[in-house]
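The values are calculated or read from the model by the stated rules, or taken from the named source; none is laboratory data. In this text, all values refer to a predicted model and were calculated from it rather than measured experimentally. No Cβ is skipped: glycine too gets one built from the backbone with ideal geometry, and neighbour counts run over all protein chains shown. All accessible areas refer to the heavy atoms of the entire protein, side chains included, with ligands and DNA or RNA removed. Shrake-Rupley method; radii C 1.70, N 1.55, O 1.52, S 1.80 Å.
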Amino acid sequence: MAVLRWRVFGHNMKSSNDFIGRIVIGQYSSGPSESNHWRRMLNTHRTAVEQWHSLRSRAECDRVSPASLENIHTQKDIAVIGMFLPTKIHIEF
């Protein structure tokens, strides 16, 4: 079973690579919203399934998602440049 992890980092003039949050979607999802999105994606063939997700802290993901503790091969890092840092990301499968 696949596991996808998105990590979001902020980058500005004063600092770089500030961790903002992450989510895990797949067998070990980081919460009910992520689990629901994964199930909808698996049950919908050839149709995009999109949803907004609230970013979670490292500690929150590590508590609920064993996959977030492991070295995952399918991982997407997102760098955000600017003053306004997101609290949610939009994902489409």
Among strands (runs of 3 or more DSSP E) lying entirely in the chain, which contain 1 or more residues that are at pLDDT below 80?
3-11, 18-26, 75-81, 88-92
Keeping to segment 28-66, report how many residues are loosely packed, with under 13 Cβ neighbours inside 10 Å, farther than 20 Å from Phe9 by Cα and in contact with a strand residue (DSSP E or B) (Cβ under 7 Å, 6 or more places away or on another chain).
2
How do the pairs read when you match residues in segment 1-21 that are more than 30 Å from Met41 (Cα to Cα) with residues anywhere that are modelled with pLDDT under 70 and open to solvent by less than 40 Å² (accessible area, probe 1.4 Å), using Cβ under 7 Å and keeping only pairs 6 or more apart or on different chains?
His11/Val80; Asn12/Gly82
